[in-house]
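The values are calculated or read from the model by the stated rules, or taken from the named source; none is laboratory data. Remember, predicted model here, so these are calculated numbers, not experimental data. Counting neighbours? That spans all protein chains shown, and the Cβs are built from the backbone with ideal geometry, glycine included. Note: areas computed on protein heavy atoms with side chains; ligands, DNA, RNA excluded. Shrake-Rupley method; radii C 1.70, N 1.55, O 1.52, S 1.80 Å.
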Amino acid sequence: MQDSAFPYHDWNERITAECYAPNGASRILDGENRIAKIVNNYASLSFDFGPTLLSWLRDKAPETYRDIRDADRASSQRFSGHGSAMAQCYNHMIMPLANPRDKRTQVRWGIEDFRRRFEREPEGMWLPETAVDLETLNIMAENGIKFTVLAPSQAKSVDGEDVSDSRIDPTRCYRQVLPSGRSIALFFYDGPISRAVAFEGLLNDGGLFARRLADAFSDLRDWPQLGHIATDGETYGHHHAHGDMALAYALDHIEASGLAKITNYGEYLERHPPEHDVEVLEGTAWSCIHGVGRWCANCGCNSGGRPEWNQEWRAPLRAALDWLRDEIAPSYELTAARFLKDPWLARDEYIHVILDRSPESRERFAARHFRRKNMQRSERVAVWKLLELQRHAMLMYTSCGWFFDEISGLETVQVIQYAGRVVQLAEELFGNQLEQRFLEKLALAKSNIPEHRDGAEAYQKFVKAALVDLPKLAAHYAISSLFEEYPENTRIYCYSVDSKEYRMKRSGKARLAFGKARFTSEITQESDMLIFGVLHLGDHNLLGGVSAFFGDDAFRDLSKTARDALTRSDIPAAIHAIDHGFEGRTYSLKNLFRDEQRKVLGEVIEATLKDSESSYRQIYEQQAPLLRFMSDCYIPIPKEMKATAEVALNDLLRHALKEEALDLPAINGLLDEVRIADAPLHVQELEMILRRNLEKSSQAFYDDPRDLESLRKCRQAVEAARSLPLPLVLWSIQNRCYAVLERIYPEVKNQGESEWRAEFEHLCLLLSLRV
């Protein structure tokens with residue numbers, strides 16, 4: 001849960017809605033602002049997605065994930081067998097700042113992830129932030145990568161002639177000869193047009209965008225010219241609203257008008273191999289004019305939001321992480337060598353397990369890398385922990401941790417959380433006390449916000465609370481079991497829970513649960529039988545305990561003691577039983593994982609909120625006649641009365657918009673009252689509720705689009721929703737209706753089903769689809 005992404009759950013979900021998904025189904029409008037075409041932009045341009053983002057999209061936004069993969073297949077057919085997707089160094093690490101071992105693993109993991117998702121070999125690989133050095137290029141070439149894309153400012157010379165200061169011609173491909181004797185093709189994008197797209201509003205007009213792209217060409221050149229730009233993908237929809245539509249229109253217009261042929265890097269490279277040698281400026285990137293200072297120093301690059309802040313924290317943060325990486329490496333190598341034939345080759349090939357954690361995949365890995373066939377379970381757990389230690393030791397270098405302005409920011413805390421997992425695993429595996437020494441180094445990274453002080457304080461506040469082990473998982477399971485019913489075998493994030501015994505007792509508002517279950521990490525395979533007891537006294541007052549299983553008799557005696565105390569309504573005795581029985585290893589509502597914490601607190605305060613809502617409604621109903629009179633007399637409404645109206649009316653609207661059949665007179669009446677009271681309308685939240693309701697109510701039609709009654713209900717629902725003064729997002733419904741328009745409408749039209757046709761054309765009109 002990331003509150004700053006409201007009304008979405010987190011930033012991945014929000015940017016998917018604003019950018020990643022729209023580019024898979026972008027609109028091209030006609031002269032009457034109707035949707036003439038819906039196109040997949042990804043199929044017409046070279047693109048890369050970070051492997052970690054793709055893994056999220058696969059699980060959380062499967063339609064968008066499908067569109068991305070479909071686009072690569074379609075582009076391969078369109079561009080002479082060259083798919084448009086490019087691989088990426090695995091977790092967006094700034095490669096010139098990485099050590100050689102991490103560089104190699106990042107490239108190999110990125111390639112293997114690409115193979116698994118796109119079912120082909122990658123031709124190109126995107127360097128995070130285009131940060132480049134020869135060692136990284138050599139590793140890429142060694143692993144079969146043919147090309148990458150750089151900024152024009154990253155070229156030093158061409159055929160021995162100085163082209164620094166962005167003087168390289170971006171319309172051709174170049175060859176970088178590497179110290180090993182290998183070579184790699186390099187494309188240098190058009191800088192001025194790329195900047196105009198990102199920062200100068202070029203996406204405000206698709207026609208102007210197309211003309212500016214065509215301006216990349218010159219009749220003075222006598223070779224096949226490649227006009228190309230490079231921008232953050234989020235530019236098209238997230239940074240610039242409807243930027244995906246400008247992109248879709250520009251690409252369509254260029255090809256339809258014969259201004260140029262749309263291609264991709266792979267096809268161009270095959271047809272026009274490089275004829276000129278280039279030399280790159282090592283240790284440079286596209287988003288830092290100081291080389292790669294943005295990720296290791298207070299170089300002056302920042303987001304510009306808080307000019308009074310400094311980024312002196314960047315250097316000590318990187319130094320702390322480098323120390324942690326180098327401190328664990330010898331212990332990893334020594335310990336892993338007991339179990340693995342080659343610890344570093346095993347790390348390189350651990351990507352196969354990351355992508356498929358099934359028992360069969362693990363066994364294939366074991367057969368290739370384990371020293372012995374019959375390792376004990378505890379030894380296997382140690383192997384997976386060792387490899388996870390190394391995975392997180394790379395994740396902690398994800399570039400956005402340094403990109404922004406403050407060490408306590410969302411992105412930087414995330415990389416410190418990865419480091420926290422490294423510390424946790426290292427202490428479990430090697431027994432050394434790393435955390436205090438690591439904190440001493442983090443303390444040198446000073447925050448711009450006094451209450452956050454430094455990196456060590458950020459670690460204590462935001463990282464320690466996020467660390468999870470099996471007892472904490474058991475506490476989460478125990479506490480949340482009071483509020484939702486779990487099956488005997490369940491999954492909680494990356495853990496499985498096998499319940500062996502569970503009993504709950506109620507007494508008035510109080511609830512007491514005791515249980516025994518096996519908790520297993522699906523990542524490390526670590527497993528333990530744990531017992532738990534949890535007492536909820538109502539509201540947020542909750543106490544739980546977790547312990548290793550110490551025998552059936554002792555466990556049952558403990559649970560009986562607590563239950564008997566609750567039966568007698570002797571709450572202090574029940575609390576004492578839990579506190580004493582679990583020897584102080586106790587937990588509270590604060591220990592729940594964040595999403596479930598919100599969910600449980602929502603249930604806990606539901607009754608309180610209902611009482612409050614009822615009170616606000618009563619007060620508002622008493623005030624409503626006076627409010628109307630004051631409005632008629634143009635007398636300003638006091639802020640206290642506005643506040644009451646805001647709570648009461650938005651709550652009533654929330655409930656009304658959730659109803660399966662929208663009661664338009666009632667909803668419009670409430671909206672009139674909002675206007676009269678001059679109260680704020682919670683537009684984002686209400687629109688999201690209405691959108692989700694509409695998508696749900698329309699599902700029956702898309703499941704069976706030929707059914708007239710389902711179509712009629714869908715049209716009525718859309719018509720009702722469109723009549724409300726909310727900025728309704730109809731994107732998902734338009735996509736589905738467009739699919740029906742393309743595939744089913746022509747058949748039905750030919751069959752002469754006039755009633756269905758009339759209803760469907762009316763629905764298309766409401767959705768701004770051109771028939």
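What the table shows:
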{"quantity": "Residue that is most open to solvent (accessible area, probe 1.4 Å) [pool: residues in region 232-246 that are of a type in the set (Gly, Ala, Ser) and assigned to a loop (DSSP other than H, G, I, E, B)]", "calculated": "Ala241"}
{"quantity": "Per-region count, region 514-544, residues modelled with pLDDT of 95 or more and either touching a Pro at 6+ places or on another chain (Cβ under 8 Å) or outside any strand (DSSP E or B) (or both)", "calculated": "6"}
{"quantity": "Hey, Leu208 at pLDDT below 95, more than 28 Å from Cys288 (Cα to Cα), hydrophobic (A, V, I, L, M, F, W, C) and surrounded by 14 or more Cβ atoms within 10 Å (Cβ to Cβ) or not", "calculated": "no"}
{"quantity": "Given (1) closer than 21 Å to Ser521 by Cα; (2) part of a loop (DSSP other than H, G, I, E, B); (3) within 30 Å of the chain's Cα centre (by Cα), index of the condition Asn302 fails", "calculated": "(1)"}
{"quantity": "Enumeration of residues in region 646-661 that are among the small types (Gly, Ala, Ser) and either in contact (Cβ under 8 Å) with a residue 24 or more places away in the chain or open to solvent by 50 Å² or more (accessible area, probe 1.4 Å) (or both)", "calculated": "Ala648, Ala661"}
{"quantity": "Residue in region 301-323 that is closer than 30 Å to Gly81 by Cβ, surrounded by 18 or more Cβ atoms within 10 Å (Cβ to Cβ) and at pLDDT 95 or above present", "calculated": "no"}
{"quantity": "Hey, Lys505 over 16 Å from Leu566 (Cα atoms), part of a strand (DSSP E or B) and open to solvent by 30 Å² or more (accessible area, probe 1.4 Å) or not", "calculated": "no"}
{"quantity": "Qualifying residue in region 156-164 (condition: polar (S, T, N, Q) and either under 28 Å from Lys261 (Cα atoms) or under 29 Å from the mean Cα position of the chain (by Cα) (or both))", "calculated": "no"}
{"quantity": "Cβ pairs under 6 Å, 6+ apart, first in region 705-732 and under 19 Å from Ile667 (Cβ atoms) and touching a residue at least 40 places away in the same chain (Cβ under 8 Å), second open to solvent by 20 Å² or more (accessible area, probe 1.4 Å) and of a type in the set (Lys, Arg)", "calculated": "Val729/Arg691"}
{"quantity": "Every residue from region 713-724 that is surrounded by fewer than 15 Cβ atoms within 10 Å (Cβ to Cβ) and over 31 Å from the mean Cα position of the chain (by Cα)", "calculated": "Ser723"}
{"quantity": "Enumeration of residues in region 5-39 that are open to solvent by less than 40 Å² (accessible area, probe 1.4 Å), polar (S, T, N, Q) and within 23 Å of Asp205 (Cβ to Cβ)", "calculated": "Asn23, Ser26"}
{"quantity": "Asn750 vs. criteria polar (S, T, N, Q) and either in contact with a strand residue (DSSP E or B) (Cβ under 6 Å, 6 or more places away or on another chain) or surrounded by 14 or more Cβ atoms within 10 Å (Cβ to Cβ) (or both)", "calculated": "no"}
{"quantity": "Thr490, sole failed condition from (1) in a helix (DSSP H, G or I); (2) surrounded by fewer than 18 Cβ atoms within 10 Å (Cβ to Cβ)", "calculated": "(1)"}
{"quantity": "Residue under evaluation Met529, criteria (1) farther than 16 Å from Ala478 by Cβ; (2) within 35 Å of the chain's Cα centre (by Cα); (3) open to solvent by 30 Å² or more (accessible area, probe 1.4 Å), criterion not met", "calculated": "(1)"}
{"quantity": "Inter-residue pairs, beta-carbon under 9 Å, first of a type in the set (Asp, Glu) and in region 318-347, second outside any helix (DSSP H, G or I), 6+ apart", "calculated": "Asp322/Asn99; Asp326/Asn99; Glu327/Asn432; Glu327/Leu434"}
{"quantity": "The lone exception for Thr52 - which of (1) under 26 Å from Glu135 (Cβ atoms); (2) open to solvent by less than 20 Å² (accessible area, probe 1.4 Å); (3) within 17 Å of the chain's Cα centre (by Cα) it fails", "calculated": "(2)"}
{"quantity": "Hits in region 591-632 (condition: of a type in the set (A, V, I, L, M), exposed (fewer than 13 other Cβ atoms within 10 Å of the Cβ) and modelled with pLDDT of 85 or more)", "calculated": "Leu626"}
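Yes/no matrix, rows are residues, columns are (1) open to solvent by 20 Å² or more (accessible area, probe 1.4 Å); (2) without any contact (Cβ under 8 Å) to a residue 24 or more places away in the chain:
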| position | (1), (2) |
| --- | --- |
| Ser361 | no, yes |
| Ala367 | yes, yes |
| Phe370 | no, no |
| Gln376 | yes, yes |
| Glu379 | yes, no |
| Leu389 | no, no |
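For (1) part of a helix (DSSP H, G or I); (2) free of Cβ contacts under 8 Å to residues at least 40 places away in the same chain; (3) of a type in the set (D, E, K, R), each residue gets a yes or a no:
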position: Glu583; (1), (2), (3): no, yes, yes
position: Glu596; (1), (2), (3): yes, no, yes
position: Lys599; (1), (2), (3): yes, no, yes
position: Leu609; (1), (2), (3): yes, yes, no
position: Ser612; (1), (2), (3): yes, yes, no
position: Ile637; (1), (2), (3): no, no, no
position: Thr644; (1), (2), (3): yes, yes, no
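Okay, residues lined up against (1) under 23 Å from Lys500 (Cα atoms); (2) assigned to a strand (DSSP E or B); (3) open to solvent by less than 60 Å² (accessible area, probe 1.4 Å):
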{"residue": "Val546", "(1), (2), (3)": "yes, yes, yes"}
{"residue": "Phe550", "(1), (2), (3)": "yes, no, no"}
{"residue": "Ser569", "(1), (2), (3)": "no, no, no"}
{"residue": "Ala573", "(1), (2), (3)": "no, no, yes"}
{"residue": "Ala577", "(1), (2), (3)": "yes, no, yes"}
